[in-house]
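So the structure is just underneath, and the comments pick up after that.
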Amino acid sequence: MATPIALVEHPAEHVLFDGALTCDVVLPAHFDTGARVVMQATSEALLKGLAIAEDVRGDDPDERKEATPTQQRIEAKLDLVLSLLGRLARRHEGAPPPTALRWSHRGMRLDATSPVACTEGAPGVVVVQPAGWLSDQIELPVVVLAQVEGSQGLHHLWLQFDALNAGLAEAMDRHLFRLHRRQIAEARQSQSTRL
């Protein structure tokens, strides 16, 4: 899920990520420029539902060993059904492309393959699929901090969250913590397999 993202030196990087819990992930995401009304309650509900599903599901391999074989079969069947529904939904809607991003409670940096027509200070909405196994998306209101052309044909776009309601901000923080915890567990697991 997560791949290393090259460090980028830019003042916007410090504004969004210094001293904050950050996650480097690859998720379907895109940025739409322009001001529009964002239904934050919908995104909040999706993140809260995702938290409940993942907490019950137990992404930690040690926790999964405690599940009975019947529970594991039911979970596997649900994963298959959700995957099928996700593929069907993407055919009709057109999912955003997988995008490398760095995410904190202050904002995110999208590393896109093509530039976005926008200016610094412009409002917009970032659309992110918060989990690979679920095709639904959240919308977050943002303001463009900066955009630069990076190496290897990537375009770095820094987006600062703008006017998130308290419930959505809390649900997003909880989601970021779970992503971060999962990254740490994956790193430990890969390190232990190398030894």
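The values are calculated or read from the model by the stated rules, or taken from the named source; none is laboratory data. Computed from a predicted structure; not experimentally measured. Virtual Cβ from ideal backbone geometry, glycine too; neighbours counted across all protein chains shown. Ligands, DNA and RNA are stripped out before the accessible areas are found, and what is left, the full protein with its side chains, is counted by its heavy atoms. Shrake-Rupley method; radii C 1.70, N 1.55, O 1.52, S 1.80 Å.
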Quiz item: In segment 160-190, what residues are among the basic types (Lys, Arg) and without any contact (Cβ under 8 Å) to a residue 40 or more places away in the chain?
Solution: ARG181, ARG188
Quiz item: What helices (runs of 4 or more DSSP H), lying completely within segment 1-73, carry at least 1 residues that are modelled with pLDDT of 80 or more and open to solvent by 80 Å² or more (accessible area, probe 1.4 Å)?
Solution: 11-17, 40-57
Quiz item: Of all residues in segment 157-181 being in a strand (DSSP E or B) and of a type in the set (A, V, I, L, M), which is nearest to the chain's Cα centre (by Cα)?
Solution: LEU159
